[in-house]
1. In the stretch A:82-99, which residues are outside any helix (DSSP H, G or I) and touching a residue at least 60 places away in the same chain (Cβ under 8 Å)?
2. Filter the stretch A:77-95 down to the residues that are of a type outside the set (A, V, I, L, M, F, W, C) and crowded, with 17+ Cβ neighbours inside 10 Å, then identify the one that is nearest to the other protein chains (Cβ to nearest Cβ).
3. So in the stretch A:392-406, with the set limited to residues that are within 7 Å of chain B (Cβ to nearest Cβ) and aliphatic (A, V, I, L, M), which one is farthest from the chain's Cα centre (by Cα)?
4. Scan the stretch B:151-168 residue by residue and report those that are open to solvent by 50 Å² or more (accessible area, probe 1.4 Å) and within 14 Å of another protein chain (Cβ to nearest Cβ).
5. Residues being of a type in the set (Gly, Ala, Ser), under 20 Å from B:His384 (Cα atoms) and open to solvent by less than 40 Å² (accessible area, probe 1.4 Å): count how many of those fall in the stretch B:551-592.
6. Can you find even one residue in the stretch B:356-367 that is assigned to a helix (DSSP H, G or I), within 22 Å of the chain's Cα centre (by Cα) and within 26 Å of B:Leu24 (Cβ to Cβ)?
7. Within the group A:Tyr454, A:Tyr411, which residue is of a type in the set (Ser, Thr, Tyr) and closer than 21 Å to A:Leu322 by Cβ?
8. Would you check if B:Arg595 is among the basic types (Lys, Arg) and open to solvent by 50 Å² or more (accessible area, probe 1.4 Å)?
2 protein chains.
Amino acid sequence: SVNPDLASERQTASFSVEKLTALLDGGAEQTRIRRAVVEAIESDPVFSRENQYFQTQNERYEAAVRKAVHLQKKMHEMGWTENGPEYKYIYRALSGDVAFLLHRVFMRSISVLGSDKQIAKWIPLATQHKLIGSYAQTELGHGTYLQGLETTAVFDTATQEFILNTPKISAMKWWPGDMGRSATHTVVFAQLYVHGKCYGIHPFIVQIRSLQDHSLCPGITAGDIGPKMNFEHIDNGYLLLKNVRIPRENMLSKFCEVRPDGTYVRQGSQKINYFTMTTVRISLISDEVLTPLMKACTIAIRYSVVRRQSKLKPGEQEAKILDYQTQQEKLLPQLAAAYAFHFINNYLQELFNRGYTEIQRKNFDMLPELHALSSGFKAMITQHCTAGVEICLRACGGHGYSLLSGLPSLYTKILASCIYEGENTILLLQTARFLIKCFMAASAGQPVPPSVTYLAAVKHGKCPAKNKLDFLSPDIYTEAYQHVAVRLTSSTAAKLQDLIQSGVKKHDAWNQCTVQLVQAAKAHCHYIAVKNFAETVEKLETKAGIQKIMKHLCDLFALHGIFSNTGAFLHDGYTSAAQMDMVTASYLDLLAVIRKDAVPLVDAFDFTDKSLNSALGSYDGQVYQRLYEWAQKSPTNQMSPAYERYLKPLLHNTLSKL
Amino acid sequence: SVNPDLASERQTASFSVEKLTALLDGGAEQTRIRRAVVEAIESDPVFSRENQYFQTQNERYEAAVRKAVHLQKKMHEMGWTENGPEYKYIYRALSGDVAFLLHRVFMRSISVLGSDKQIAKWIPLATQHKLIGSYAQTELGHGTYLQGLETTAVFDTATQEFILNTPKISAMKWWPGDMGRSATHTVVFAQLYVHGKCYGIHPFIVQIRSLQDHSLCPGITAGDIGPKMNFEHIDNGYLLLKNVRIPRENMLSKFCEVRPDGTYVRQGSQKINYFTMTTVRISLISDEVLTPLMKACTIAIRYSVVRRQSKLKPGEQEAKILDYQTQQEKLLPQLAAAYAFHFINNYLQELFNRGYTEIQRKNFDMLPELHALSSGFKAMITQHCTAGVEICLRACGGHGYSLLSGLPSLYTKILASCIYEGENTILLLQTARFLIKCFMAASAGQPVPPSVTYLAAVKHGKCPAKNKLDFLSPDIYTEAYQHVAVRLTSSTAAKLQDLIQSGVKKHDAWNQCTVQLVQAAKAHCHYIAVKNFAETVEKLETKAGIQKIMKHLCDLFALHGIFSNTGAFLHDGYTSAAQMDMVTASYLDLLAVIRKDAVPLVDAFDFTDKSLNSALGSYDGQVYQRLYEWAQKSPTNQMSPAYERYLKPLLHNTLSKL
């Protein structure tokens, strides 16, 4: 039975939850397919995550391998294929809790970087799991800066082999997933040396474990890097190479080849490869970043209408905590952000699909813009969503702190997204470099890519809003965001030029501007996200209440950004203090409006109880029963040797006799 | 041997590290005592935390109990007593990783709330560990709002007993430490009923486990609440009471008593009791909040001068990451905050000592102010320090994410401090209520407590700074902070009055102002922290470079607060945009100045390698060796059954035959 405090929230929905779910899925047919996958996965006990919060790292790893192997069977059974419509829902349905994800990256690397001959040899082996692959790029001492990698591959003309070494401890490969315990092969990135000359970083296929008995191959030292904040199910590994010899054919050679005599040959354009790496940043947003935020919102909002604490009105029942303005101010902006980022993700996906078409036509014009957008939005979205999950966790008080709430593991997992696939600060500086370049070009009257044409049209006006309702006009707030983005870019460009003109060296000047450059890049992405949300709302069907509630969320997303960052808008007087008070008033009003639909808005994400895996967030809202039942199953409720060993002697005062 | 990249940082210290350590300790003699305690604890293998990151929750609990029992012996051996000068260093030296902390709370409750007779009976039993105590207040459905507790204690005149019940699942006691598996007794808070009349919440001593065999007593259901984000070493528990009968004498009766005939008698003033609860919030700041931030700064800053990544100047060696402005901007404000909060903590300790003296003289005038300060600063400091630890963690990239860095466990532990001993938002609203009250009183010309007299002296001037150097003047920035605190308090007071005058009911009006009230409370605390830091620096001896570097940190703390919250200072034009640019310039300049002393500034915290327990933060900076050596010991590098069970059949294609 559904907790009446939760049930009542659903009776007053201002829109059709089912229609909103279909909108989020991209159509009712997609919803149907997704649900069928979820049903098939969740009804299979092998995929259960029920005991996850009680398991050790070793148990998590074993379960993940078991699931990965079982998934092969399941896909065959269900008739699912890697190219079928179900495929994208499988990983989501598993909540990513499965091994061999790097095996897929191994295969993609070979497909993208390998010659036709290499693809023909390795891809069938990998597809049939006659080997398990990994991808070894990051080193103990080197992450972001690929040119700094220290692993070497020296070509030996005599034997037609490459000799691989990790010459120093900092050169050891560190972090590659599936490599600590599972992989038999990996793609190693190493500095290529031929006849004493260094040709930079290249990829090599290296076997690390025996296919017979899984023992380490000669010259290989490998293992697991140990405990982490999350990803217990993944065997992130280390790898030392000592004079490991691999045949010449194992260097992936679509773009570069070493001929038998040691001649180094470049062929074709690597730009498609570069584009592929860029798209990875976009592809992770949906499953790794948006889903956790949506789950956290679902858990925290459902809990906040079931949890009653303290009294709003004297003499009345204790109030639902979501009725407190401070609780609304914590949670509802996260909900609005989840929707905003869902829509910007759709926009980016489309843009990258278009980019891919152009690039296949050998038109590489879009590349710099796509790189800047993927870098900036990867950083912005991972940062916002990580902060959002943390806010949801904290907003649930003590119960949020229990692993059984599901929130701690959502947080510790999403946090990693700020670091992997490009550390966020580095990425924002990539975006900033693009912005500065485009701003200079635009100032000089040169054409710039579509997403930054606004930098050319600097307006020195003032915000025209006259009352708080004006701030519910997308034109008003979108322009304010645009103004801030232009101002931060132009003022930082000016500072940079001033420094250089005053004699500071270019790289020093750049370093002295980086704090402000990061601000400019964030403002740029925030502006595009607001604009895109407003444009998306515009195009929605007006029926079933969907457009209206999305408009509220769009307004909230925009005004929350202003309210949380008032200085940026007040700085040059574009927005006045009086207008800022209007923003605050409208923002706080919106909280009360959206609060009414908060539960339906998270219901629309359509997470099953099993996928939430949370004692606080279940559809029926029976929070306290769940917590109690679940706690009783904890291994901490088994007999502990601590009693006989320590407590009994202490209590019986026999300690001194021991 | 010390990593040369770290060693070089120590050669250029602008001040005496040893003198700064002594300042932090409160004198060289204190440093000596502290180090002796650390040495004694760390040289004893029973207290080792070496394998902590590899242990399960059960193992952590057992180790904590073992340590707690061993500590009794150790104290006896060393001649340490609870009243001795060593005592306060013991817990810090153990990094809090020990059981029976609630046993101490149990004893304190009896001392404060019990009659002389009760004290005489129970305290000796507890001191000799003939029982193990706990403290059962929080319920599954009730935390902050004590009046809402549902556990009942009904007086039965016939048997002279109280009958205790947790009538609903939400009434179950939940979270009490040491209660899940260890405690034999606990202080239960319950609604007292006599002859059908409810007298509100009272404390009762209840035995929950047999002193003979530790089995649960009749009517008791108790156990461990299961996995949490941290505190694996503590057996936080649950407790169900079903018609549990305890003698009349077990109600703690210093302030209230039920006579044999059921007469309810109040006696004495509970204000000292109330004061005691208030001081707990201050007492946790040092060990639970400041120490973790200081440790995190030590780890992240040492790592940031050892880690080299990418190039600042083309052609040069890769740069230390602390040389990047963005990295400085992440870490150095946290370092400044650690010092700022250390000094405000000293200030609060002194203030509370004075308060205690006054209260013993039956002068309770300071109570409201002390309550407001302890609430506000508990919230402000826990929030800032938690955010600071998280920033340190993220600033270490992938290696920060490894448990071996020590940062994840610092973060997951400090996070709890935002929730326990009063949820932060609730506490800030307590402070805000005090501010509004005092502001109204001050406006009406009535006297107000010393910390808020500034609210009476509202100035409508402008910030007088003319250039960026002016913002290194404590008078300039302290006044700016004061101005913001006054403005936020007065504008929210005005909004509150407007709402009430326009007919909104008082409690609704309050709720509609809470987001802004929280801002006002934060601004108040921030102002006091800045002012106190500036005043502390003023009084420091000018020798040995200490005052100079502390002045830099004070400036950084102040300017970082303005830079991160520009809107508050720009809003009413007190600070102009041009002045804000000066703030930014001075702030960024300061980063480069303090960066030079960053390592000596964390060295001064004087943490041993064992107390940091971090592969990234050790004194010698041998980061990569540590990570590798440590990872090899991980249980994830033992043989896994996953190979024989799943990987081998997969690789050998025998899966289908299984």
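1. A:Ser95, A:Gly96, A:Asp97, A:Val98, A:Ala99
2. Among residues in the stretch A:77-95 that are of a type outside the set (A, V, I, L, M, F, W, C) and crowded, with 17+ Cβ neighbours inside 10 Å, the one nearest to the other protein chains (Cβ to nearest Cβ) is A:Ser95.
3. Once the filter is applied, the top-ranked residue is A:Leu404.
4. Scanning the stretch B:151-168 gives B:Pro167, B:Lys168.
5. 4
6. Looking only at the stretch B:356-367, we keep the residues that are assigned to a helix (DSSP H, G or I), and these are B:356-360, B:367.
Restricting the remaining residues to those that are within 22 Å of the chain's Cα centre (by Cα) gives B:356, B:367.
Going one step further and asking which of them are within 26 Å of B:Leu24 (Cβ to Cβ), we end up with B:356.
Yes, the conditions are met somewhere in the stretch B:356-367.
7. Values: A:Tyr454 fails: closer than 21 Å to A:Leu322 by Cβ.
Result: A:Tyr411 is the single residue among A:Tyr454, A:Tyr411 that is of a type in the set (Ser, Thr, Tyr) and closer than 21 Å to A:Leu322 by Cβ.
8. no
The values are calculated or read from the model by the stated rules, or taken from the named source; none is laboratory data. Here the structure is a predicted model, which means the values were calculated and not measured. Cβ atoms come from the backbone with ideal geometry, glycine included; neighbour counts cover every protein chain shown. Protein only, heavy atoms only, side chains kept; ligands, DNA and RNA dropped before computing areas. Shrake-Rupley method; radii C 1.70, N 1.55, O 1.52, S 1.80 Å.
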